[in-house]
1. If residue 67 passes every condition in (1) surrounded by fewer than 16 Cβ atoms within 10 Å (Cβ to Cβ); (2) of a type outside the set (A, V, I, L, M, F, W, C); (3) touching a residue at least 12 places away in the same chain (Cβ under 8 Å) but one, which one does it miss?
2. Report yes if some residue within the stretch 104-122 is small (Gly, Ala, Ser), without any contact (Cβ under 8 Å) to a residue 24 or more places away in the chain and farther than 17 Å from residue 56 by Cβ; otherwise report no.
3. If we keep just the residues of the stretch 40-61 that are of a type in the set (Asp, Glu) and within 15 Å of the chain's Cα centre (by Cα), which is modelled with the lowest pLDDT?
4. Failed condition for residue 21, given (1) of a type in the set (D, E, K, R); (2) part of a helix (DSSP H, G or I); (3) farther than 14 Å from residue 277 by Cβ, with all others met?
5. For residue 147, indicate whether it is more than 19 Å from residue 58 (Cβ to Cβ) and either acidic (Asp, Glu) or buried (at least 22 other Cβ atoms within 10 Å of the Cβ) (or both).
6. Among 69, 42, which is the only one that is farther than 30 Å from residue 141 by Cβ and basic (Lys, Arg)?
7. Suppose we filter the stretch 115-128 for residues that are surrounded by fewer than 20 Cβ atoms within 10 Å (Cβ to Cβ) and over 15 Å from residue 94 (Cβ atoms); how many remain?
8. Of all the residues that make up the stretch 235-274, how many are surrounded by 17 or more Cβ atoms within 10 Å (Cβ to Cβ) and acidic (Asp, Glu)?
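The values are calculated or read from the model by the stated rules, or taken from the named source; none is laboratory data. Note that this is a predicted model, so its numbers are computed, not measured. Because the Cβ atoms are built from the backbone with ideal geometry, glycine has one as well, and the counts that use them run over all protein chains shown.
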Amino acid sequence: MNLLNKFVVATLPAVPRPIVRYFANRYIAGEEVVDAFHVVNRLNAKGMTATLDVLGEDIHEREEALGARDNIIEVLKSISQERIESNVSIKLTQLGLKLDKNFCLDNARMIVSTAHALENFVRIDMEDSTCTEDTLRIYGRLGKEFDNVGIVLQAYLRRTEEDAKALIRDGFKNFRLCKGIYVEPEAIAYKKKDEINGNFIRVLKLMLQNKTYVGIATHDDALIDAASRMIAEMHLERSQYEFQMLLGVRSELRAEVLRAGHRLRVYVPFGKHWYQYSLRRFKENPQVAAYVFKALFDRHHSKLNTHPGKNHKGDGNG
Ligand code: FDA
(Lines give C-alpha, C1' and ligand atoms only; values in the text may rest on other atoms or scores of the structure.)
Protein backbone atom coordinates (compact mmCIF):
# COMPACT_ATOMS: atom_id res chain seq x y z
CA MET A 1 0.00 0.00 0.00
CA ASN A 2 1.45 3.39 -0.95
CA LEU A 3 1.90 6.22 1.55
CA LEU A 4 -1.08 8.23 0.36
CA ASN A 5 -3.40 5.24 0.67
CA LYS A 6 -1.99 4.51 4.12
CA PHE A 7 -2.65 8.10 5.14
CA VAL A 8 -6.22 8.04 3.83
CA VAL A 9 -6.99 4.76 5.54
CA ALA A 10 -5.46 6.01 8.80
CA THR A 11 -7.64 9.12 8.72
CA LEU A 12 -10.87 7.29 7.85
CA PRO A 13 -11.92 6.89 11.49
CA ALA A 14 -12.19 10.70 11.60
CA VAL A 15 -14.42 10.78 8.52
CA PRO A 16 -18.18 11.03 9.21
CA ARG A 17 -19.82 7.63 8.96
CA PRO A 18 -22.25 8.51 6.18
CA ILE A 19 -19.28 9.33 3.94
CA VAL A 20 -17.45 6.13 4.87
CA ARG A 21 -20.69 4.35 4.18
CA TYR A 22 -20.85 5.83 0.72
CA PHE A 23 -17.52 4.22 -0.14
CA ALA A 24 -18.41 1.02 1.66
CA ASN A 25 -21.48 0.44 -0.44
CA ARG A 26 -19.62 -1.47 -3.12
CA TYR A 27 -18.48 -4.04 -0.53
CA ILE A 28 -21.74 -4.50 1.36
CA ALA A 29 -24.99 -5.92 0.02
CA GLY A 30 -27.10 -3.73 2.32
CA GLU A 31 -28.35 -3.74 5.88
CA GLU A 32 -31.22 -6.19 5.59
CA VAL A 33 -31.42 -9.83 4.61
CA VAL A 34 -33.68 -8.90 1.70
CA ASP A 35 -30.85 -6.73 0.29
CA ALA A 36 -28.44 -9.62 0.57
CA PHE A 37 -30.84 -12.08 -1.06
CA HIS A 38 -31.35 -9.65 -3.92
CA VAL A 39 -27.59 -9.64 -4.54
CA VAL A 40 -27.31 -13.40 -4.21
CA ASN A 41 -30.17 -13.94 -6.66
CA ARG A 42 -28.34 -11.83 -9.21
CA LEU A 43 -25.10 -13.71 -8.65
CA ASN A 44 -26.91 -17.04 -8.93
CA ALA A 45 -28.49 -15.93 -12.20
CA LYS A 46 -24.97 -15.37 -13.54
CA GLY A 47 -23.82 -18.83 -12.53
CA MET A 48 -22.12 -17.94 -9.24
CA THR A 49 -22.82 -19.18 -5.75
CA ALA A 50 -22.48 -17.08 -2.59
CA THR A 51 -21.51 -17.21 1.03
CA LEU A 52 -23.47 -14.83 3.26
CA ASP A 53 -21.79 -13.04 6.13
CA VAL A 54 -24.07 -11.45 8.71
CA LEU A 55 -21.68 -8.64 9.61
CA GLY A 56 -20.48 -8.36 13.17
CA GLU A 57 -17.44 -9.26 15.24
CA ASP A 58 -15.83 -8.83 18.60
CA ILE A 59 -19.01 -8.51 20.63
CA HIS A 60 -18.87 -7.70 24.35
CA GLU A 61 -22.14 -9.10 25.72
CA ARG A 62 -23.46 -12.63 25.72
CA GLU A 63 -26.82 -11.34 24.49
CA GLU A 64 -25.15 -9.91 21.38
CA ALA A 65 -23.63 -13.31 20.63
CA LEU A 66 -26.98 -15.05 21.08
CA GLY A 67 -28.61 -12.45 18.84
CA ALA A 68 -25.97 -13.01 16.15
CA ARG A 69 -26.38 -16.78 16.43
CA ASP A 70 -30.15 -16.51 16.01
CA ASN A 71 -29.79 -14.14 13.06
CA ILE A 72 -27.47 -16.55 11.28
CA ILE A 73 -29.85 -19.43 11.95
CA GLU A 74 -32.71 -17.37 10.49
CA VAL A 75 -30.58 -16.65 7.44
CA LEU A 76 -29.93 -20.36 6.97
CA LYS A 77 -33.66 -21.07 7.14
CA SER A 78 -34.41 -18.29 4.65
CA ILE A 79 -31.74 -19.60 2.25
CA SER A 80 -33.51 -22.92 2.32
CA GLN A 81 -37.00 -21.41 1.88
CA GLU A 82 -35.95 -19.10 -0.92
CA ARG A 83 -33.85 -21.81 -2.56
CA ILE A 84 -30.90 -19.55 -3.22
CA GLU A 85 -27.43 -20.98 -3.80
CA SER A 86 -25.57 -19.79 -0.75
CA ASN A 87 -23.94 -21.03 2.40
CA VAL A 88 -22.87 -18.87 5.37
CA SER A 89 -19.56 -17.62 6.72
CA ILE A 90 -19.29 -16.94 10.45
CA LYS A 91 -16.84 -15.16 12.71
CA LEU A 92 -16.27 -16.76 16.09
CA THR A 93 -15.68 -13.44 17.87
CA GLN A 94 -19.24 -12.56 16.87
CA LEU A 95 -20.38 -15.68 18.71
CA GLY A 96 -18.52 -14.92 21.93
CA LEU A 97 -15.01 -16.36 21.39
CA LYS A 98 -13.45 -13.63 23.53
CA LEU A 99 -16.05 -13.99 26.26
CA ASP A 100 -16.19 -17.71 26.84
CA LYS A 101 -14.86 -20.39 24.49
CA ASN A 102 -17.38 -23.05 25.46
CA PHE A 103 -20.24 -20.61 25.04
CA CYS A 104 -18.86 -19.76 21.59
CA LEU A 105 -18.52 -23.45 20.72
CA ASP A 106 -22.16 -24.03 21.71
CA ASN A 107 -23.32 -21.11 19.57
CA ALA A 108 -21.30 -22.25 16.58
CA ARG A 109 -22.50 -25.82 17.08
CA MET A 110 -26.12 -24.69 16.95
CA ILE A 111 -25.47 -22.92 13.65
CA VAL A 112 -23.60 -25.85 12.10
CA SER A 113 -26.22 -28.30 13.28
CA THR A 114 -29.04 -26.19 11.80
CA ALA A 115 -27.10 -25.96 8.54
CA HIS A 116 -26.63 -29.73 8.63
CA ALA A 117 -30.36 -30.33 9.01
CA LEU A 118 -30.96 -27.97 6.08
CA GLU A 119 -28.20 -29.60 4.00
CA ASN A 120 -26.18 -26.43 4.00
CA PHE A 121 -22.62 -25.55 4.92
CA VAL A 122 -20.83 -23.22 7.34
CA ARG A 123 -17.43 -21.67 6.76
CA ILE A 124 -15.60 -20.39 9.83
CA ASP A 125 -13.74 -17.20 8.86
CA MET A 126 -10.28 -16.73 10.34
CA GLU A 127 -9.75 -13.54 12.32
CA ASP A 128 -6.57 -12.00 13.74
CA SER A 129 -3.80 -14.10 15.26
CA THR A 130 -5.14 -13.75 18.82
CA CYS A 131 -7.98 -16.01 17.58
CA THR A 132 -6.08 -18.54 15.46
CA GLU A 133 -5.48 -21.21 18.09
CA ASP A 134 -9.00 -21.06 19.55
CA THR A 135 -10.62 -20.96 16.13
CA LEU A 136 -8.69 -24.05 15.06
CA ARG A 137 -9.63 -25.79 18.29
CA ILE A 138 -13.34 -25.05 17.85
CA TYR A 139 -13.17 -26.11 14.23
CA GLY A 140 -11.42 -29.29 15.41
CA ARG A 141 -14.38 -30.07 17.66
CA LEU A 142 -17.11 -29.20 15.16
CA GLY A 143 -15.34 -30.81 12.23
CA LYS A 144 -15.33 -34.13 14.10
CA GLU A 145 -19.08 -33.87 14.78
CA PHE A 146 -20.25 -32.54 11.41
CA ASP A 147 -19.22 -32.88 7.78
CA ASN A 148 -20.70 -29.52 6.73
CA VAL A 149 -18.20 -27.16 8.27
CA GLY A 150 -14.91 -25.79 6.95
CA ILE A 151 -12.16 -23.49 8.12
CA VAL A 152 -10.11 -20.63 6.64
CA LEU A 153 -6.31 -20.60 6.64
CA GLN A 154 -4.26 -17.47 5.95
CA ALA A 155 -1.19 -17.72 3.74
CA TYR A 156 0.51 -14.78 5.46
CA LEU A 157 0.89 -16.68 8.73
CA ARG A 158 4.14 -18.57 9.07
CA ARG A 159 2.35 -21.33 10.98
CA THR A 160 -0.18 -22.02 8.23
CA GLU A 161 1.71 -24.74 6.37
CA GLU A 162 2.10 -26.73 9.59
CA ASP A 163 -1.55 -26.09 10.51
CA ALA A 164 -2.63 -27.34 7.09
CA LYS A 165 -0.50 -30.46 7.44
CA ALA A 166 -1.87 -31.17 10.93
CA LEU A 167 -5.47 -30.63 9.86
CA ILE A 168 -5.07 -32.85 6.82
CA ARG A 169 -3.39 -35.52 8.96
CA ASP A 170 -6.37 -35.38 11.33
CA GLY A 171 -8.77 -35.95 8.46
CA PHE A 172 -10.14 -32.42 7.94
CA LYS A 173 -10.98 -31.86 4.34
CA ASN A 174 -12.57 -28.50 3.72
CA PHE A 175 -10.59 -25.28 3.55
CA ARG A 176 -10.72 -21.74 2.31
CA LEU A 177 -7.25 -20.42 1.60
CA CYS A 178 -6.73 -16.64 1.53
CA LYS A 179 -3.80 -14.30 2.04
CA GLY A 180 -5.08 -12.84 5.32
CA ILE A 181 -6.07 -9.27 6.07
CA TYR A 182 -5.20 -8.42 9.68
CA VAL A 183 -2.05 -6.53 10.67
CA GLU A 184 0.28 -9.10 12.22
CA PRO A 185 3.86 -8.85 13.54
CA GLU A 186 6.66 -9.99 11.29
CA ALA A 187 7.65 -12.63 13.83
CA ILE A 188 4.55 -14.62 12.96
CA ALA A 189 3.58 -13.37 9.52
CA TYR A 190 5.17 -13.01 6.10
CA LYS A 191 5.13 -9.39 5.05
CA LYS A 192 6.46 -9.41 1.50
CA LYS A 193 4.04 -10.12 -1.30
CA ASP A 194 6.27 -12.76 -2.93
CA GLU A 195 6.63 -14.61 0.39
CA ILE A 196 2.88 -14.57 1.00
CA ASN A 197 2.16 -15.70 -2.55
CA GLY A 198 4.87 -18.38 -2.29
CA ASN A 199 3.25 -19.74 0.85
CA PHE A 200 -0.21 -19.53 -0.71
CA ILE A 201 0.95 -21.69 -3.63
CA ARG A 202 2.79 -24.14 -1.35
CA VAL A 203 -0.20 -24.61 0.95
CA LEU A 204 -2.68 -24.78 -1.93
CA LYS A 205 -0.61 -27.53 -3.54
CA LEU A 206 -0.53 -29.44 -0.26
CA MET A 207 -4.30 -29.14 0.10
CA LEU A 208 -5.12 -30.13 -3.47
CA GLN A 209 -2.62 -33.00 -3.56
CA ASN A 210 -4.32 -34.39 -0.49
CA LYS A 211 -7.73 -34.22 -2.20
CA THR A 212 -9.20 -31.74 0.21
CA TYR A 213 -11.84 -29.29 -1.03
CA VAL A 214 -10.38 -25.78 -1.32
CA GLY A 215 -12.06 -22.42 -1.70
CA ILE A 216 -9.28 -20.54 -3.46
CA ALA A 217 -10.02 -17.05 -2.18
CA THR A 218 -8.08 -14.41 -4.08
CA HIS A 219 -8.33 -11.65 -6.68
CA ASP A 220 -4.62 -11.81 -7.45
CA ASP A 221 -4.02 -12.69 -11.12
CA ALA A 222 -0.73 -14.40 -10.33
CA LEU A 223 -2.37 -16.71 -7.78
CA ILE A 224 -5.36 -17.43 -9.98
CA ASP A 225 -3.00 -18.37 -12.82
CA ALA A 226 -0.87 -20.53 -10.54
CA ALA A 227 -3.95 -22.25 -9.12
CA SER A 228 -5.40 -22.82 -12.59
CA ARG A 229 -2.16 -24.44 -13.75
CA MET A 230 -2.10 -26.67 -10.68
CA ILE A 231 -5.71 -27.71 -11.23
CA ALA A 232 -4.97 -28.61 -14.85
CA GLU A 233 -1.78 -30.52 -13.99
CA MET A 234 -3.57 -32.51 -11.29
CA HIS A 235 -6.53 -33.19 -13.60
CA LEU A 236 -8.96 -32.05 -10.92
CA GLU A 237 -12.70 -32.11 -11.51
CA ARG A 238 -14.44 -28.76 -11.09
CA SER A 239 -16.34 -30.26 -8.17
CA GLN A 240 -13.08 -30.62 -6.20
CA TYR A 241 -12.42 -26.92 -5.60
CA GLU A 242 -13.89 -23.47 -6.17
CA PHE A 243 -12.60 -19.95 -6.57
CA GLN A 244 -13.92 -17.34 -4.16
CA MET A 245 -14.01 -13.55 -4.35
CA LEU A 246 -15.36 -10.67 -2.30
CA LEU A 247 -18.37 -8.62 -3.27
CA GLY A 248 -17.23 -5.32 -4.75
CA VAL A 249 -13.77 -6.51 -5.73
CA ARG A 250 -12.65 -7.10 -9.34
CA SER A 251 -16.00 -8.18 -10.71
CA GLU A 252 -14.52 -8.34 -14.22
CA LEU A 253 -12.33 -11.19 -13.05
CA ARG A 254 -15.32 -13.29 -12.05
CA ALA A 255 -16.46 -13.62 -15.64
CA GLU A 256 -12.99 -14.76 -16.69
CA VAL A 257 -12.86 -17.40 -13.99
CA LEU A 258 -16.31 -18.67 -14.96
CA ARG A 259 -15.42 -18.68 -18.65
CA ALA A 260 -12.38 -20.81 -17.86
CA GLY A 261 -14.83 -23.42 -16.52
CA HIS A 262 -14.24 -22.98 -12.79
CA ARG A 263 -16.85 -22.61 -10.08
CA LEU A 264 -16.99 -19.29 -8.29
CA ARG A 265 -18.45 -18.23 -4.96
CA VAL A 266 -18.85 -14.60 -3.92
CA TYR A 267 -18.60 -13.51 -0.30
CA VAL A 268 -21.63 -11.33 0.38
CA PRO A 269 -21.55 -9.37 3.66
CA PHE A 270 -24.64 -7.59 4.90
CA GLY A 271 -26.06 -6.13 8.07
CA LYS A 272 -25.89 -3.14 10.32
CA HIS A 273 -22.33 -3.70 11.58
CA TRP A 274 -20.62 -2.78 8.32
CA TYR A 275 -17.92 -0.44 9.64
CA GLN A 276 -14.99 -2.70 10.65
CA TYR A 277 -15.37 -4.92 7.62
CA SER A 278 -15.41 -1.88 5.34
CA LEU A 279 -12.23 -0.43 6.85
CA ARG A 280 -10.43 -3.68 6.09
CA ARG A 281 -11.61 -3.54 2.48
CA PHE A 282 -10.49 0.09 2.09
CA LYS A 283 -7.06 -0.89 3.29
CA GLU A 284 -6.70 -3.28 0.39
CA ASN A 285 -8.14 -1.09 -2.29
CA PRO A 286 -5.16 0.25 -4.25
CA GLN A 287 -7.28 3.18 -5.42
CA VAL A 288 -8.86 4.14 -2.14
CA ALA A 289 -7.03 7.46 -1.90
CA ALA A 290 -7.95 8.40 -5.46
CA TYR A 291 -11.62 7.58 -4.87
CA VAL A 292 -11.82 9.42 -1.58
CA PHE A 293 -10.11 12.57 -2.84
CA LYS A 294 -12.08 12.58 -6.04
CA ALA A 295 -15.35 12.39 -4.15
CA LEU A 296 -14.38 14.91 -1.51
CA PHE A 297 -13.14 17.52 -3.96
CA ASP A 298 -15.47 16.84 -6.82
CA ARG A 299 -17.48 19.94 -7.62
CA HIS A 300 -20.54 17.74 -7.67
CA HIS A 301 -19.83 15.92 -4.48
CA SER A 302 -22.84 17.48 -2.85
CA LYS A 303 -24.82 15.14 -5.06
CA LEU A 304 -23.37 12.14 -3.24
CA ASN A 305 -26.20 10.10 -1.99
CA THR A 306 -25.17 8.98 1.45
CA HIS A 307 -28.35 7.17 2.29
CA PRO A 308 -27.49 3.64 3.39
CA GLY A 309 -28.48 1.08 0.85
CA LYS A 310 -28.49 3.51 -2.04
CA ASN A 311 -25.68 3.82 -4.52
CA HIS A 312 -24.32 0.42 -3.76
CA LYS A 313 -22.75 -1.49 -6.53
CA GLY A 314 -22.95 -4.66 -4.52
CA ASP A 315 -25.36 -6.12 -7.00
CA GLY A 316 -23.25 -8.79 -8.50
CA ASN A 317 -21.50 -6.38 -10.80
CA GLY A 318 -19.71 -4.32 -8.24
P1 FDA B 1 -4.35 -8.63 -3.25
O2 FDA B 1 -4.65 -7.93 -1.98
O3 FDA B 1 -2.94 -8.60 -3.76
O4 FDA B 1 -5.34 -8.12 -4.34
C5 FDA B 1 -5.24 -8.47 -5.71
C6 FDA B 1 -5.92 -7.38 -6.50
O7 FDA B 1 -7.33 -7.36 -6.19
C8 FDA B 1 -5.44 -5.98 -6.15
O9 FDA B 1 -4.33 -5.62 -6.90
C10 FDA B 1 -6.66 -5.15 -6.47
O11 FDA B 1 -6.72 -4.92 -7.84
C12 FDA B 1 -7.81 -6.03 -6.12
N13 FDA B 1 -8.31 -5.79 -4.76
C14 FDA B 1 -8.07 -6.51 -3.64
N15 FDA B 1 -8.77 -6.02 -2.61
C16 FDA B 1 -9.46 -4.96 -3.08
C17 FDA B 1 -10.37 -4.04 -2.50
N18 FDA B 1 -10.73 -4.12 -1.22
N19 FDA B 1 -10.93 -3.10 -3.27
C20 FDA B 1 -10.60 -3.01 -4.59
N21 FDA B 1 -9.75 -3.86 -5.20
C22 FDA B 1 -9.18 -4.80 -4.46
N23 FDA B 1 -9.07 -12.75 5.18
C24 FDA B 1 -8.91 -13.19 6.45
O25 FDA B 1 -7.96 -12.79 7.14
N26 FDA B 1 -9.81 -14.08 6.98
C27 FDA B 1 -10.86 -14.58 6.26
O28 FDA B 1 -11.63 -15.39 6.77
C29 FDA B 1 -11.03 -14.11 4.93
N30 FDA B 1 -12.06 -14.55 4.15
C31 FDA B 1 -12.09 -14.21 2.82
C32 FDA B 1 -13.06 -14.76 1.98
C33 FDA B 1 -13.02 -14.53 0.61
C34 FDA B 1 -14.06 -15.15 -0.26
C35 FDA B 1 -12.00 -13.70 0.07
C36 FDA B 1 -11.89 -13.47 -1.41
C37 FDA B 1 -11.08 -13.11 0.89
C38 FDA B 1 -11.12 -13.34 2.27
N39 FDA B 1 -10.21 -12.74 3.12
C40 FDA B 1 -10.10 -13.19 4.42
C41 FDA B 1 -9.41 -11.58 2.65
C42 FDA B 1 -8.08 -12.01 2.10
O43 FDA B 1 -7.26 -12.45 3.14
C44 FDA B 1 -7.39 -10.85 1.39
O45 FDA B 1 -7.19 -9.85 2.31
C46 FDA B 1 -8.13 -10.30 0.19
O47 FDA B 1 -8.74 -11.32 -0.53
C48 FDA B 1 -7.17 -9.57 -0.75
O49 FDA B 1 -6.15 -10.42 -1.15
P50 FDA B 1 -5.97 -10.94 -2.65
O51 FDA B 1 -5.58 -12.37 -2.59
O52 FDA B 1 -7.16 -10.64 -3.45
O53 FDA B 1 -4.67 -10.19 -3.15
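1. Against the list (1) surrounded by fewer than 16 Cβ atoms within 10 Å (Cβ to Cβ); (2) of a type outside the set (A, V, I, L, M, F, W, C); (3) touching a residue at least 12 places away in the same chain (Cβ under 8 Å), residue 67 comes up short only on (3).
2. Of all residues in the stretch 104-122, those small (Gly, Ala, Ser) come to 108, 113, 115, 117.
Pick out the ones that are also without any contact (Cβ under 8 Å) to a residue 24 or more places away in the chain and you get 117.
Still in the running and farther than 17 Å from residue 56 by Cβ: 117.
Scanning the stretch 104-122 turns up at least one residue that is small (Gly, Ala, Ser), without any contact (Cβ under 8 Å) to a residue 24 or more places away in the chain and farther than 17 Å from residue 56 by Cβ.
3. Of all residues in the stretch 40-61, those of a type in the set (Asp, Glu) come to 53, 57-58, 61.
Add one more test, that the residue is within 15 Å of the chain's Cα centre (by Cα), and what stays is 53, 57.
Values: 53: 97, 57: 85.
Out of the qualifying residues, it is 57.
4. (3)
5. Values: more than 19 Å from residue 58 (Cβ to Cβ): yes; either acidic (Asp, Glu) or buried (at least 22 other Cβ atoms within 10 Å of the Cβ) (or both): yes.
Yes, satisfied.
6. Values: 69 fails: farther than 30 Å from residue 141 by Cβ.
Matching residue, one of 69, 42: 42.
7. The initial filter retains those residues of the stretch 115-128 that are surrounded by fewer than 20 Cβ atoms within 10 Å (Cβ to Cβ), namely 116-120, 128.
Checking which are over 15 Å from residue 94 (Cβ atoms) leaves us with 116-120.
Summing the residues that are surrounded by fewer than 20 Cβ atoms within 10 Å (Cβ to Cβ) and over 15 Å from residue 94 (Cβ atoms) in the stretch 115-128 gives 5.
8. Of the residues in the stretch 235-274, 1 are surrounded by 17 or more Cβ atoms within 10 Å (Cβ to Cβ) and acidic (Asp, Glu).
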